[in-house]
1. Please give the length that would be gained between Ala71 and Cys43 if that part of the chain were fully extended, namely 0.36 nm times their separation in residues minus their C-alpha to C-alpha distance (nm, one decimal).
2. What is the sum of charges around Asn39, taking Lys and Arg as +1, Asp and Glu as -1, for the other residues whose C-beta is under 13 Å from the C-beta of Asn39?
3. Counting alpha carbon pairs within less than 8 Å and at least 6 residues apart, what relative contact order, in whole percent, applies to region 32-189?
4. Hey, if you put +1 on the Cβ of every Lys and Arg and -1 on every Asp and Glu Cβ in region 36-169, which of Val126, Gln140, Pro86 ends up farthest toward the positive end of that dipole?
5. Fully extended, how many nm does the chain gain between Ser354 and Phe168 (0.36 nm per residue separation, minus their Cα-Cα distance)?
6. How much accessible area per residue does region 32-189 have, counting only protein heavy atoms and a probe of 1.4 Å, in square angstrom?
7. Work out how much length Glu262 to Glu238 would gain on full extension: take 0.36 nm times their residue separation and subtract the Cα-Cα distance, in nm to one decimal.
8. Take the cross-link list Lys287/Lys460; Lys287/Lys392; Lys392/Lys463; Lys51/Lys162; Lys285/Lys465 and give me the ones stretching past 29 Å between alpha-carbons.
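The values are calculated or read from the model by the stated rules, or taken from the named source; none is laboratory data. Source: prediction; values computed, not measured. Glycine gets a Cβ as well: all are built from the backbone with ideal geometry, and neighbour counts include every protein chain shown. Protein only, heavy atoms only, side chains kept; ligands, DNA and RNA dropped before computing areas. Shrake-Rupley method; radii C 1.70, N 1.55, O 1.52, S 1.80 Å.
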Amino acid sequence: MADSNNKLDFTLIELNAANCKSEEDNLRGSSATVELRDNRLVCVEYPAVVKSATNMLATLGGEHTVSKTYANPNRRIELRFRPQDPFCHPLCGNRFPSANLLLRVRRRVGKKDPKDVEIHMDLLGVITTTYKFQGMADFQCLAVHTAAGKDTSLYNKIILHKSENQAFFEQPMPYFLPPAIFSRLDTPVDYCYRPDSSCNLFPKNNNSNFISLNRIRRPNNAIFVSFSDPTVPSTCLEAAKVNWTKACVKDFDKVAEERIKEMFESRLIWSRNAVRANINLHPEKLKLLLPVYAYYMVTGPWRSLWVRLGYDPRKDREAKKYQMLDFRIRCSTKYGYSPGDVPVKAKRSSLDYSLPITLNKAGPHAASLMDLPGKEGPSTSQDTAPVIYQVKESSYVFREGMLPPHRQMFYQLCDLHVESIKQVIDQKTEDDMECNERDGWCVVGTTDKLRDIISEMIIKLVKAKKQDLPVNPRKSTRQHKSVKSTVYSDYDVDDDDAEEENDDGDDEDFQPSEGSENEMETEILDYM
(Lines give C-alpha, C1' and ligand atoms only; values in the text may rest on other atoms or scores of the structure.)
Protein backbone atom coordinates (compact mmCIF):
# COMPACT_ATOMS: atom_id res chain seq x y z
CA MET A 1 0.00 0.00 0.00
CA ALA A 2 1.06 3.58 -0.56
CA ASP A 3 1.44 5.87 2.44
CA SER A 4 1.32 9.64 2.67
CA ASN A 5 4.98 9.94 1.60
CA ASN A 6 4.34 8.30 -1.82
CA LYS A 7 6.15 5.10 -0.87
CA LEU A 8 5.20 1.53 -1.64
CA ASP A 9 5.84 -1.61 0.42
CA PHE A 10 6.81 -4.69 -1.57
CA THR A 11 7.56 -8.25 -0.48
CA LEU A 12 9.55 -10.45 -2.82
CA ILE A 13 8.81 -14.15 -2.47
CA GLU A 14 11.16 -16.74 -3.94
CA LEU A 15 9.44 -20.01 -4.85
CA ASN A 16 11.63 -23.07 -4.95
CA ALA A 17 9.80 -25.99 -6.51
CA ALA A 18 12.75 -28.41 -6.13
CA ASN A 19 12.73 -28.24 -2.34
CA CYS A 20 8.97 -28.16 -1.86
CA LYS A 21 8.79 -29.88 1.54
CA SER A 22 6.67 -27.48 3.51
CA GLU A 23 5.04 -24.10 3.14
CA GLU A 24 7.80 -22.44 5.15
CA ASP A 25 10.48 -23.72 2.77
CA ASN A 26 8.73 -22.26 -0.26
CA LEU A 27 8.37 -18.73 1.08
CA ARG A 28 11.75 -17.05 1.22
CA GLY A 29 12.76 -13.49 0.55
CA SER A 30 12.61 -10.05 2.08
CA SER A 31 10.46 -6.96 1.98
CA ALA A 32 11.46 -3.42 1.09
CA THR A 33 9.95 0.02 0.80
CA VAL A 34 10.56 1.92 -2.43
CA GLU A 35 9.72 5.46 -3.40
CA LEU A 36 6.96 5.96 -5.96
CA ARG A 37 8.33 8.14 -8.76
CA ASP A 38 6.04 10.19 -10.93
CA ASN A 39 7.55 8.94 -14.19
CA ARG A 40 5.14 7.85 -16.91
CA LEU A 41 6.58 5.22 -19.19
CA VAL A 42 5.56 3.45 -22.39
CA CYS A 43 5.92 -0.32 -22.72
CA VAL A 44 6.30 -2.29 -25.95
CA GLU A 45 5.77 -6.02 -25.62
CA TYR A 46 8.29 -7.06 -28.22
CA PRO A 47 7.37 -10.35 -29.93
CA ALA A 48 10.94 -11.66 -30.15
CA VAL A 49 14.03 -12.34 -28.07
CA VAL A 50 15.92 -9.09 -27.59
CA LYS A 51 19.70 -9.43 -27.63
CA SER A 52 20.51 -5.89 -28.71
CA ALA A 53 18.44 -2.89 -27.70
CA THR A 54 19.85 -0.90 -30.62
CA ASN A 55 18.77 -3.46 -33.20
CA MET A 56 15.39 -3.83 -31.51
CA LEU A 57 14.79 -0.08 -31.66
CA ALA A 58 15.81 -0.04 -35.32
CA THR A 59 13.07 -2.54 -36.16
CA LEU A 60 10.55 -0.11 -34.63
CA GLY A 61 11.80 2.73 -36.81
CA GLY A 62 14.03 4.41 -34.26
CA GLU A 63 13.32 6.61 -31.29
CA HIS A 64 11.90 9.42 -33.43
CA THR A 65 9.37 7.11 -35.13
CA VAL A 66 8.28 5.60 -31.82
CA SER A 67 7.75 9.07 -30.34
CA LYS A 68 5.81 10.15 -33.41
CA THR A 69 3.60 7.06 -33.15
CA TYR A 70 2.96 7.66 -29.48
CA ALA A 71 1.88 11.25 -30.20
CA ASN A 72 -0.99 9.93 -32.36
CA PRO A 73 -3.39 7.86 -30.20
CA ASN A 74 -5.02 6.22 -33.25
CA ARG A 75 -1.78 5.07 -34.83
CA ARG A 76 -0.46 1.55 -34.42
CA ILE A 77 3.22 0.90 -33.84
CA GLU A 78 4.99 -0.78 -36.75
CA LEU A 79 7.65 -3.46 -36.44
CA ARG A 80 9.81 -4.48 -39.39
CA PHE A 81 12.08 -7.44 -38.83
CA ARG A 82 14.13 -6.34 -41.84
CA PRO A 83 14.41 -2.55 -41.35
CA GLN A 84 16.95 -2.21 -44.15
CA ASP A 85 14.49 -3.74 -46.65
CA PRO A 86 12.04 -1.14 -48.03
CA PHE A 87 9.72 -3.95 -49.19
CA CYS A 88 9.30 -5.43 -45.70
CA HIS A 89 5.66 -5.48 -44.57
CA PRO A 90 5.24 -4.33 -40.97
CA LEU A 91 3.78 -6.17 -38.01
CA CYS A 92 1.41 -3.78 -36.23
CA GLY A 93 0.85 -3.48 -32.50
CA ASN A 94 -2.22 -2.08 -30.76
CA ARG A 95 -2.16 0.58 -28.08
CA PHE A 96 -3.73 -0.11 -24.66
CA PRO A 97 -3.92 1.96 -21.47
CA SER A 98 -2.26 0.36 -18.47
CA ALA A 99 -1.30 1.07 -14.88
CA ASN A 100 1.68 -1.22 -14.36
CA LEU A 101 4.81 -0.57 -12.35
CA LEU A 102 8.34 -0.95 -13.65
CA LEU A 103 10.66 -2.35 -10.99
CA ARG A 104 14.40 -2.78 -11.20
CA VAL A 105 15.45 -5.62 -8.88
CA ARG A 106 19.05 -6.39 -8.04
CA ARG A 107 19.94 -9.64 -6.26
CA ARG A 108 23.36 -9.98 -4.67
CA VAL A 109 24.61 -13.27 -3.30
CA GLY A 110 27.49 -13.48 -0.86
CA LYS A 111 30.63 -15.27 -2.05
CA LYS A 112 31.22 -17.09 1.21
CA ASP A 113 27.65 -17.84 2.17
CA PRO A 114 25.21 -18.47 -0.71
CA LYS A 115 22.32 -17.98 1.68
CA ASP A 116 23.45 -14.41 2.30
CA VAL A 117 21.21 -12.68 -0.26
CA GLU A 118 20.55 -8.98 -0.59
CA ILE A 119 17.76 -7.66 -2.75
CA HIS A 120 17.57 -4.02 -3.85
CA MET A 121 14.51 -2.62 -5.59
CA ASP A 122 14.00 0.64 -7.45
CA LEU A 123 10.67 1.81 -8.82
CA LEU A 124 11.47 3.46 -12.15
CA GLY A 125 7.96 4.66 -12.95
CA VAL A 126 4.40 3.84 -13.93
CA ILE A 127 3.61 2.32 -17.33
CA THR A 128 0.55 4.19 -18.59
CA THR A 129 0.60 2.91 -22.19
CA THR A 130 1.39 -0.56 -23.50
CA TYR A 131 1.73 -1.68 -27.11
CA LYS A 132 0.84 -5.32 -27.78
CA PHE A 133 1.36 -7.23 -31.01
CA GLN A 134 -1.79 -9.32 -31.26
CA GLY A 135 -2.15 -9.62 -35.03
CA MET A 136 -0.60 -11.84 -37.61
CA ALA A 137 2.40 -10.83 -39.68
CA ASP A 138 1.66 -10.04 -43.30
CA PHE A 139 3.13 -11.95 -46.21
CA GLN A 140 6.65 -10.91 -47.16
CA CYS A 141 7.95 -10.19 -50.66
CA LEU A 142 11.66 -10.45 -51.34
CA ALA A 143 13.20 -8.66 -54.30
CA VAL A 144 14.34 -11.88 -55.89
CA HIS A 145 14.06 -13.06 -59.49
CA THR A 146 13.72 -16.78 -60.08
CA ALA A 147 14.74 -18.25 -63.42
CA ALA A 148 15.81 -21.75 -64.34
CA GLY A 149 15.70 -22.82 -60.70
CA LYS A 150 18.13 -20.07 -59.63
CA ASP A 151 17.30 -17.12 -57.39
CA THR A 152 18.92 -13.77 -58.12
CA SER A 153 18.74 -10.79 -55.77
CA LEU A 154 17.43 -7.54 -57.26
CA TYR A 155 18.15 -5.16 -54.40
CA ASN A 156 21.31 -3.70 -55.92
CA LYS A 157 19.48 -3.17 -59.21
CA ILE A 158 16.27 -1.50 -58.04
CA ILE A 159 17.44 0.46 -54.96
CA LEU A 160 19.45 3.58 -55.67
CA HIS A 161 22.41 4.18 -53.37
CA LYS A 162 23.99 6.98 -55.43
CA SER A 163 23.35 9.12 -58.47
CA GLU A 164 23.24 7.02 -61.61
CA ASN A 165 23.51 7.90 -65.29
CA GLN A 166 20.93 7.26 -67.97
CA ALA A 167 22.39 3.87 -68.86
CA PHE A 168 21.51 2.56 -65.42
CA PHE A 169 17.80 3.16 -66.02
CA GLU A 170 17.85 1.76 -69.56
CA GLN A 171 19.30 -1.62 -68.65
CA PRO A 172 16.95 -4.62 -68.92
CA MET A 173 15.29 -5.60 -65.68
CA PRO A 174 12.87 -8.36 -64.68
CA TYR A 175 9.49 -7.19 -63.47
CA PHE A 176 9.15 -6.77 -59.72
CA LEU A 177 5.90 -5.15 -58.58
CA PRO A 178 5.20 -6.09 -54.95
CA PRO A 179 1.68 -5.40 -53.65
CA ALA A 180 1.40 -2.59 -51.15
CA ILE A 181 -0.76 -4.67 -48.87
CA PHE A 182 -2.27 -8.16 -48.90
CA SER A 183 -5.08 -7.76 -46.39
CA ARG A 184 -6.75 -4.85 -44.62
CA LEU A 185 -7.07 -6.95 -41.46
CA ASP A 186 -4.39 -8.68 -39.44
CA THR A 187 -6.63 -10.33 -36.86
CA PRO A 188 -8.98 -13.27 -37.56
CA VAL A 189 -12.64 -12.35 -37.85
CA ASP A 190 -15.44 -14.89 -37.42
CA TYR A 191 -17.74 -13.61 -40.14
CA CYS A 192 -19.58 -16.81 -41.18
CA TYR A 193 -21.54 -14.81 -43.78
CA ARG A 194 -24.38 -14.08 -41.41
CA PRO A 195 -26.98 -11.57 -42.66
CA ASP A 196 -27.26 -8.22 -40.93
CA SER A 197 -30.30 -8.14 -38.67
CA SER A 198 -30.90 -4.48 -39.44
CA CYS A 199 -30.93 -5.06 -43.19
CA ASN A 200 -34.19 -5.90 -44.93
CA LEU A 201 -33.41 -8.46 -47.61
CA PHE A 202 -36.86 -8.09 -49.20
CA PRO A 203 -37.68 -4.39 -49.42
CA LYS A 204 -41.23 -3.38 -50.10
CA ASN A 205 -40.21 -0.59 -52.47
CA ASN A 206 -37.14 0.51 -54.36
CA ASN A 207 -36.39 3.41 -51.98
CA SER A 208 -35.46 1.18 -49.03
CA ASN A 209 -31.86 1.12 -47.87
CA PHE A 210 -30.41 -2.26 -48.69
CA ILE A 211 -27.06 -3.57 -49.81
CA SER A 212 -26.72 -3.04 -53.55
CA LEU A 213 -24.21 -2.01 -56.19
CA ASN A 214 -24.88 1.69 -55.55
CA ARG A 215 -23.94 3.57 -52.41
CA ILE A 216 -26.74 4.70 -50.13
CA ARG A 217 -27.46 8.37 -50.68
CA ARG A 218 -26.60 10.57 -47.72
CA PRO A 219 -29.66 12.43 -46.38
CA ASN A 220 -28.11 15.90 -46.42
CA ASN A 221 -30.39 17.13 -49.22
CA ALA A 222 -28.16 19.71 -50.85
CA ILE A 223 -29.12 21.22 -54.22
CA PHE A 224 -26.42 21.20 -56.91
CA VAL A 225 -26.48 23.72 -59.75
CA SER A 226 -24.31 23.72 -62.85
CA PHE A 227 -23.34 26.78 -64.84
CA SER A 228 -25.44 25.59 -67.78
CA ASP A 229 -28.64 25.21 -65.73
CA PRO A 230 -31.23 27.81 -66.78
CA THR A 231 -32.53 28.63 -63.28
CA VAL A 232 -31.46 28.48 -59.66
CA PRO A 233 -33.53 27.25 -56.70
CA SER A 234 -35.25 29.81 -54.49
CA THR A 235 -36.19 27.49 -51.63
CA CYS A 236 -34.51 24.52 -50.03
CA LEU A 237 -35.81 20.99 -49.97
CA GLU A 238 -38.33 20.15 -47.30
CA ALA A 239 -36.20 17.22 -46.18
CA ALA A 240 -33.31 19.61 -45.49
CA LYS A 241 -35.45 21.56 -43.03
CA VAL A 242 -36.58 18.37 -41.35
CA ASN A 243 -33.03 17.08 -40.93
CA TRP A 244 -31.80 20.36 -39.48
CA THR A 245 -34.77 20.54 -37.09
CA LYS A 246 -33.80 17.14 -35.74
CA ALA A 247 -30.15 18.16 -35.36
CA CYS A 248 -30.85 21.62 -33.86
CA VAL A 249 -31.31 20.53 -30.26
CA LYS A 250 -28.96 22.80 -28.31
CA ASP A 251 -28.76 26.53 -27.77
CA PHE A 252 -25.50 27.01 -29.64
CA ASP A 253 -27.05 25.24 -32.66
CA LYS A 254 -29.75 27.91 -32.77
CA VAL A 255 -27.10 30.61 -32.37
CA ALA A 256 -25.17 29.10 -35.28
CA GLU A 257 -28.33 29.11 -37.41
CA GLU A 258 -28.88 32.82 -36.75
CA ARG A 259 -25.23 33.50 -37.44
CA ILE A 260 -25.21 31.74 -40.83
CA LYS A 261 -28.45 33.49 -41.76
CA GLU A 262 -26.81 36.86 -41.10
CA MET A 263 -23.72 35.79 -43.06
CA PHE A 264 -25.68 35.05 -46.23
CA GLU A 265 -27.58 38.31 -45.87
CA SER A 266 -24.39 40.36 -45.72
CA ARG A 267 -22.48 38.26 -48.27
CA LEU A 268 -24.30 36.29 -50.93
CA ILE A 269 -21.65 33.64 -51.72
CA TRP A 270 -19.35 31.80 -49.28
CA SER A 271 -16.82 29.03 -49.48
CA ARG A 272 -16.89 26.20 -46.98
CA ASN A 273 -13.63 27.28 -45.33
CA ALA A 274 -14.88 30.85 -45.08
CA VAL A 275 -18.02 29.63 -43.32
CA ARG A 276 -16.03 27.42 -40.97
CA ALA A 277 -13.76 30.33 -40.09
CA ASN A 278 -16.69 32.54 -39.09
CA ILE A 279 -18.89 30.05 -37.26
CA ASN A 280 -18.19 27.55 -34.49
CA LEU A 281 -20.23 24.49 -35.42
CA HIS A 282 -19.49 20.80 -35.77
CA PRO A 283 -18.68 19.92 -39.41
CA GLU A 284 -21.37 17.23 -39.52
CA LYS A 285 -24.02 19.70 -38.38
CA LEU A 286 -22.72 22.29 -40.81
CA LYS A 287 -23.44 19.82 -43.63
CA LEU A 288 -27.07 19.83 -42.56
CA LEU A 289 -27.33 23.58 -42.03
CA LEU A 290 -25.81 24.87 -45.28
CA PRO A 291 -28.45 23.30 -47.62
CA VAL A 292 -31.18 25.17 -45.70
CA TYR A 293 -29.90 28.60 -46.77
CA ALA A 294 -27.75 28.00 -49.88
CA TYR A 295 -27.20 25.82 -52.91
CA TYR A 296 -23.92 24.44 -54.20
CA MET A 297 -22.35 25.49 -57.52
CA VAL A 298 -20.67 22.62 -59.32
CA THR A 299 -19.16 24.29 -62.40
CA GLY A 300 -18.35 27.77 -63.62
CA PRO A 301 -16.49 30.66 -61.96
CA TRP A 302 -18.38 30.05 -58.67
CA ARG A 303 -17.73 26.31 -58.50
CA SER A 304 -17.30 24.71 -55.06
CA LEU A 305 -19.03 27.73 -53.47
CA TRP A 306 -22.30 28.06 -51.56
CA VAL A 307 -24.74 30.61 -53.03
CA ARG A 308 -27.73 32.03 -51.20
CA LEU A 309 -31.01 30.53 -52.35
CA GLY A 310 -32.76 32.65 -54.98
CA TYR A 311 -29.60 34.52 -56.04
CA ASP A 312 -28.21 33.94 -59.55
CA PRO A 313 -24.65 35.30 -59.87
CA ARG A 314 -24.75 34.84 -63.65
CA LYS A 315 -27.20 37.76 -63.91
CA ASP A 316 -25.46 40.18 -61.52
CA ARG A 317 -22.18 41.92 -62.43
CA GLU A 318 -21.50 42.58 -58.75
CA ALA A 319 -21.03 38.84 -58.29
CA LYS A 320 -17.58 39.20 -59.85
CA LYS A 321 -16.03 39.77 -56.43
CA TYR A 322 -17.33 36.40 -55.25
CA GLN A 323 -15.71 34.36 -58.05
CA MET A 324 -13.37 31.54 -57.16
CA LEU A 325 -9.64 31.49 -57.97
CA ASP A 326 -7.95 28.10 -58.09
CA PHE A 327 -4.34 28.80 -57.11
CA ARG A 328 -1.65 26.14 -56.95
CA ILE A 329 1.98 26.31 -55.92
CA ARG A 330 4.17 24.15 -58.10
CA CYS A 331 7.84 23.46 -57.59
CA SER A 332 10.20 21.55 -59.84
CA THR A 333 13.95 21.42 -60.23
CA LYS A 334 13.60 21.74 -63.99
CA TYR A 335 12.52 25.34 -63.45
CA GLY A 336 15.32 26.10 -61.00
CA TYR A 337 13.31 25.65 -57.79
CA SER A 338 13.06 22.56 -55.61
CA PRO A 339 10.08 21.63 -53.41
CA GLY A 340 12.09 22.42 -50.28
CA ASP A 341 12.61 26.03 -51.29
CA VAL A 342 8.99 26.98 -50.65
CA PRO A 343 8.11 25.96 -47.07
CA VAL A 344 4.53 24.92 -47.82
CA LYS A 345 3.83 21.26 -47.23
CA ALA A 346 1.76 19.24 -49.62
CA LYS A 347 -1.54 18.05 -48.20
CA ARG A 348 -1.25 14.71 -49.95
CA SER A 349 1.95 12.87 -50.76
CA SER A 350 2.75 9.35 -51.85
CA LEU A 351 5.79 9.46 -49.57
CA ASP A 352 3.56 9.92 -46.52
CA TYR A 353 1.01 7.25 -47.34
CA SER A 354 -0.22 5.11 -44.45
CA LEU A 355 -1.44 1.57 -44.96
CA PRO A 356 -4.93 0.82 -43.64
CA ILE A 357 -3.59 -1.66 -41.09
CA THR A 358 -1.40 1.00 -39.46
CA LEU A 359 -4.35 3.07 -38.25
CA ASN A 360 -6.77 2.13 -35.53
CA LYS A 361 -10.05 4.01 -35.74
CA ALA A 362 -11.41 2.63 -32.50
CA GLY A 363 -12.96 4.98 -29.96
CA PRO A 364 -11.04 6.45 -27.05
CA HIS A 365 -10.09 4.19 -24.20
CA ALA A 366 -11.55 4.41 -20.76
CA ALA A 367 -10.02 6.89 -18.36
CA SER A 368 -7.12 5.61 -16.31
CA LEU A 369 -6.71 6.07 -12.59
CA MET A 370 -3.57 8.08 -13.30
CA ASP A 371 -5.64 10.63 -15.20
CA LEU A 372 -8.24 11.18 -12.48
CA PRO A 373 -7.85 14.39 -10.40
CA GLY A 374 -7.01 14.18 -6.74
CA LYS A 375 -9.34 14.98 -3.89
CA GLU A 376 -7.80 18.40 -3.46
CA GLY A 377 -8.02 19.27 -7.16
CA PRO A 378 -11.01 20.90 -8.81
CA SER A 379 -13.71 18.79 -10.33
CA THR A 380 -13.62 18.49 -14.11
CA SER A 381 -16.89 16.64 -14.61
CA GLN A 382 -18.85 19.81 -15.40
CA ASP A 383 -16.19 22.42 -16.16
CA THR A 384 -15.07 20.97 -19.51
CA ALA A 385 -13.21 23.05 -22.04
CA PRO A 386 -15.34 24.14 -25.01
CA VAL A 387 -14.61 22.46 -28.32
CA ILE A 388 -13.45 24.78 -31.09
CA TYR A 389 -14.41 23.81 -34.63
CA GLN A 390 -13.43 27.07 -36.28
CA VAL A 391 -10.52 27.15 -38.70
CA LYS A 392 -7.94 29.88 -39.11
CA GLU A 393 -8.42 32.91 -41.31
CA SER A 394 -5.49 31.88 -43.52
CA SER A 395 -7.59 28.99 -44.85
CA TYR A 396 -9.52 31.36 -47.13
CA VAL A 397 -7.89 34.83 -46.95
CA PHE A 398 -4.67 35.93 -48.67
CA ARG A 399 -2.75 39.03 -47.63
CA GLU A 400 0.59 40.46 -48.58
CA GLY A 401 3.42 38.91 -46.61
CA MET A 402 1.74 35.57 -45.85
CA LEU A 403 2.12 32.07 -47.24
CA PRO A 404 -0.81 29.83 -48.17
CA PRO A 405 -1.24 26.94 -45.73
CA HIS A 406 -1.45 24.43 -48.61
CA ARG A 407 -0.09 24.12 -52.12
CA GLN A 408 -3.57 24.27 -53.60
CA MET A 409 -5.96 26.94 -52.38
CA PHE A 410 -9.42 28.06 -53.44
CA TYR A 411 -9.74 31.81 -52.90
CA GLN A 412 -12.67 34.09 -53.55
CA LEU A 413 -11.67 37.35 -55.21
CA CYS A 414 -13.08 39.41 -52.37
CA ASP A 415 -10.75 37.58 -49.94
CA LEU A 416 -7.57 38.61 -51.81
CA HIS A 417 -6.56 41.67 -49.78
CA VAL A 418 -3.76 42.95 -52.00
CA GLU A 419 -3.93 46.33 -53.69
CA SER A 420 -2.37 45.20 -56.99
CA ILE A 421 -4.81 42.29 -57.17
CA LYS A 422 -7.80 44.56 -56.56
CA GLN A 423 -6.72 46.78 -59.45
CA VAL A 424 -6.74 43.80 -61.81
CA ILE A 425 -10.14 42.64 -60.55
CA ASP A 426 -11.70 46.11 -60.87
CA GLN A 427 -10.91 46.39 -64.58
CA LYS A 428 -14.07 47.52 -66.38
CA THR A 429 -15.68 45.27 -68.93
CA GLU A 430 -17.89 46.05 -71.87
CA ASP A 431 -21.56 46.66 -71.20
CA ASP A 432 -22.70 43.97 -73.62
CA MET A 433 -20.36 41.36 -72.11
CA GLU A 434 -21.98 38.10 -71.03
CA CYS A 435 -20.94 35.95 -68.10
CA ASN A 436 -18.22 33.54 -69.20
CA GLU A 437 -17.93 30.04 -67.74
CA ARG A 438 -14.17 30.36 -67.26
CA ASP A 439 -13.63 34.02 -66.34
CA GLY A 440 -17.14 34.95 -65.22
CA TRP A 441 -17.63 38.71 -65.19
CA CYS A 442 -13.88 39.41 -65.29
CA VAL A 443 -11.85 40.38 -68.32
CA VAL A 444 -10.52 37.40 -70.24
CA GLY A 445 -7.16 36.37 -68.79
CA THR A 446 -7.77 37.87 -65.35
CA THR A 447 -7.33 34.57 -63.54
CA ASP A 448 -3.91 34.03 -65.15
CA LYS A 449 -2.78 37.51 -64.10
CA LEU A 450 -3.91 36.94 -60.53
CA ARG A 451 -1.98 33.68 -60.34
CA ASP A 452 1.14 35.44 -61.66
CA ILE A 453 0.85 38.20 -59.04
CA ILE A 454 0.39 35.77 -56.15
CA SER A 455 3.27 33.59 -57.38
CA GLU A 456 5.65 36.55 -57.59
CA MET A 457 4.65 37.67 -54.09
CA ILE A 458 5.35 34.20 -52.69
CA ILE A 459 8.74 34.04 -54.40
CA LYS A 460 9.72 37.47 -53.06
CA LEU A 461 8.62 36.47 -49.58
CA VAL A 462 10.66 33.28 -49.69
CA LYS A 463 13.70 35.14 -50.99
CA ALA A 464 13.43 37.68 -48.20
CA LYS A 465 13.34 34.95 -45.58
CA LYS A 466 15.74 32.55 -47.23
CA GLN A 467 18.60 34.24 -49.03
CA ASP A 468 19.94 30.96 -50.38
CA LEU A 469 16.97 30.31 -52.68
CA PRO A 470 18.58 28.65 -55.76
CA VAL A 471 18.04 30.27 -59.13
CA ASN A 472 19.21 28.72 -62.38
CA PRO A 473 21.80 31.18 -63.77
CA ARG A 474 21.51 29.73 -67.27
CA LYS A 475 17.95 31.00 -67.59
CA SER A 476 17.59 34.39 -69.20
CA THR A 477 15.63 37.19 -67.62
CA ARG A 478 12.74 36.69 -70.01
CA GLN A 479 12.70 32.94 -69.42
CA HIS A 480 12.89 33.37 -65.65
CA LYS A 481 9.97 35.76 -65.72
CA SER A 482 7.85 33.23 -67.56
CA VAL A 483 8.95 30.53 -65.14
CA LYS A 484 7.57 32.41 -62.17
CA SER A 485 4.19 32.62 -63.82
CA THR A 486 3.99 28.94 -64.73
CA VAL A 487 5.79 26.98 -62.06
CA TYR A 488 3.62 28.10 -59.20
CA SER A 489 0.33 28.97 -60.81
CA ASP A 490 -0.46 26.72 -63.76
CA TYR A 491 -4.10 25.75 -63.87
CA ASP A 492 -3.47 22.40 -65.56
CA VAL A 493 -3.86 19.33 -63.40
CA ASP A 494 -1.71 16.92 -65.40
CA ASP A 495 1.00 16.42 -62.78
CA ASP A 496 -0.73 17.81 -59.71
CA ASP A 497 0.27 15.07 -57.35
CA ALA A 498 3.50 14.19 -59.11
CA GLU A 499 5.17 17.42 -58.09
CA GLU A 500 3.66 17.60 -54.61
CA GLU A 501 6.46 15.93 -52.74
CA ASN A 502 6.75 15.91 -49.00
CA ASP A 503 9.47 18.23 -47.69
CA ASP A 504 10.45 17.04 -44.26
CA GLY A 505 13.29 19.51 -43.87
CA ASP A 506 11.49 22.26 -41.97
CA ASP A 507 13.25 25.54 -41.36
CA GLU A 508 13.10 26.63 -37.77
CA ASP A 509 13.32 30.31 -38.67
CA PHE A 510 10.61 30.27 -41.33
CA GLN A 511 7.71 27.94 -40.66
CA PRO A 512 4.81 27.62 -43.10
CA SER A 513 1.55 29.19 -42.10
CA GLU A 514 -0.88 26.76 -40.52
CA GLY A 515 -4.47 26.56 -41.68
CA SER A 516 -7.30 24.14 -42.07
CA GLU A 517 -7.88 21.61 -44.79
CA ASN A 518 -8.30 23.17 -48.18
CA GLU A 519 -11.09 22.35 -50.59
CA MET A 520 -9.17 19.86 -52.68
CA GLU A 521 -11.67 17.27 -51.46
CA THR A 522 -14.85 18.14 -53.29
CA GLU A 523 -17.92 18.64 -51.16
CA ILE A 524 -20.10 16.74 -53.59
CA LEU A 525 -18.98 13.49 -51.98
CA ASP A 526 -20.40 14.69 -48.67
CA TYR A 527 -23.89 15.01 -50.10
CA MET A 528 -24.17 12.19 -52.64
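1. Numbers: separation 28, 0.36 × 28 = 10.08 nm, distance 1.44 nm.
Using 0.36 nm per residue and subtracting the Cα-Cα distance, I get 8.6 nm.
2. Values: positive: Arg37, Arg40, Arg104; negative: Glu35, Asp38, Asp122.
So the surrounding residues net to 0.
3. Numbers: 212 pairs, mean separation 39.3, N = 158.
It comes to 25 percent, rounded to a whole number.
4. About the Cα centre, the residue reaching furthest to the positive side is Val126.
5. Numbers: separation 186, 0.36 × 186 = 66.96 nm, distance 3.03 nm.
Value of the extension gain: 63.9 nm.
6. Numbers: 11200 Å² over 158 residues.
It amounts to 71 Å² per residue over region 32-189.
7. Values: separation 24, 0.36 × 24 = 8.64 nm, distance 2.12 nm.
The Glu262-Glu238 span can extend by a further 6.5 nm.
8. On the way: Lys287/Lys460 39 Å; Lys287/Lys392 19 Å; Lys392/Lys463 25 Å; Lys51/Lys162 33 Å; Lys285/Lys465 41 Å.
Violating the 29 Å Cα-Cα cut-off are Lys287/Lys460; Lys51/Lys162; Lys285/Lys465.
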